[in-house]
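First up is the structure itself, then whatever we jot down about it.
The values are calculated or read from the model by the stated rules, or taken from the named source; none is laboratory data. Remember, it's a predicted structure, so these values are computed and weren't measured experimentally. Note that we place each Cβ from the backbone using ideal geometry, even for glycine, and neighbour counts take in every protein chain shown.
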Amino acid sequence: MKCLIVDDDPLICDLLEHFCGKVNDIGGVTVAMSGFEAVNLINSSSFDLVLLDFDLPDITGKEILNIINADAAVIMVTSNRDFASDSYNYDQVVDYLVKPIDFARFFQGFQKAQSFLAKKTSSVSRLFIKEGQKLVKIDLHEVGYFKSEANYIAVVLENRKILTLMTLKDLATKLPDFFQKVHRSYIVNLNKIEAIDSNSLRIKNDEIPISSRYEEQLLKKINLLN
């Protein structure tokens with residue numbers, strides 16, 4: 001999950017960045033200390049979660065909300081209680097944190113953001129990924145698995161393989177429920193699994209390791225025949 005922190009108070013930025021570092025599912029964190037900087041970042045990058053201060057000196061958080069991609073989850077972070085009820089008129093606002101903030105309250109907001117993003121991705125069937133200098137559309141139902149290869153991900157489809165510059169952590173937030181991480185280097189399409197044994201699974205002719213860390217999650221997601 002890629003996160004953007006927008007706040008003009010460096011102490012709050014440091015605190016939020018520290019909190020993000022405690023959450024495994026949050027990957028890259030970017031900090032913007034002005035509204036204009038945030039707008040430029042939002043226009044040039046894709047973020048899954050935005051921690052947004054309402055009281056910015058140049059552009060209000062409310063104005064920024066109007067340009068944030070609706071697919072991103074937004075948590076308002078501010079000492080201004082007046083905007084609390086109004087903020088929920090924006091579909092992407094999942095929580096409203098009033099300063100001072102502790103980690104427990106921050107994590108509650110993060111969980112709401114996770115639920116919001118999960119609902120968004122549950123209906124996704126296609127993604128555009130970057131292959132070299134071009135964007136390629138892939139049908140997720142045709143993907144057998146994703147494999148981490150250094151700084152790249154190999155997208156293994158039925159008849160071809162594509163390499164794209166991305167991390168599994170960022171990719172996982174964009175995938176529907178029929179994908180499951182089974183190893184630190186693999187995310188598999190559950191509908192493509194042909195066999196499972198004690199520490200591996202098979203998709204076509206490829207044997208994929210199953211880490212003990214993810215085995216229970218995998219078995220919960222698939223329908224086992226007795």
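Residues checked against (1) over 23 Å from Leu171 (Cα atoms); (2) at pLDDT 85 or above; (3) within 18 Å of the chain's Cα centre (by Cα); (4) among the hydrophobic types (A, V, I, L, M, F, W, C):
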{"position": "Asp14", "(1), (2), (3), (4)": "yes, yes, no, no"}
{"position": "Cys20", "(1), (2), (3), (4)": "no, yes, yes, yes"}
{"position": "Val23", "(1), (2), (3), (4)": "no, yes, yes, yes"}
{"position": "Asp53", "(1), (2), (3), (4)": "yes, yes, no, no"}
{"position": "Asp58", "(1), (2), (3), (4)": "yes, yes, no, no"}
{"position": "Asn66", "(1), (2), (3), (4)": "yes, no, no, no"}
{"position": "Val74", "(1), (2), (3), (4)": "no, yes, yes, yes"}
{"position": "Thr78", "(1), (2), (3), (4)": "yes, no, no, no"}
Filter region 27-58 down to the residues that are touching a Phe, Trp or Tyr at 6+ places or on another chain (Cβ under 8 Å) and acidic (Asp, Glu) and list them by number. Asp58
Within the group Gln92, Gln108, which residue is closer than 21 Å to Thr173 by Cβ, modelled with pLDDT of 90 or more, outside the structural domain of Lys169 (by TED's automatic domain parsing) and of a type outside the set (Asp, Glu)? Gln108
Does Ile193 meet the test of being of a type in the set (Val, Ile, Thr), touching a His at 6+ places or on another chain (Cβ under 9 Å) and buried (at least 17 other Cβ atoms within 10 Å of the Cβ)? no
Exactly one condition in (1) more than 20 Å from Lys2 (Cα to Cα); (2) within 17 Å of the chain's Cα centre (by Cα); (3) at pLDDT 95 or above is not met by Phe178; state its number. (3)
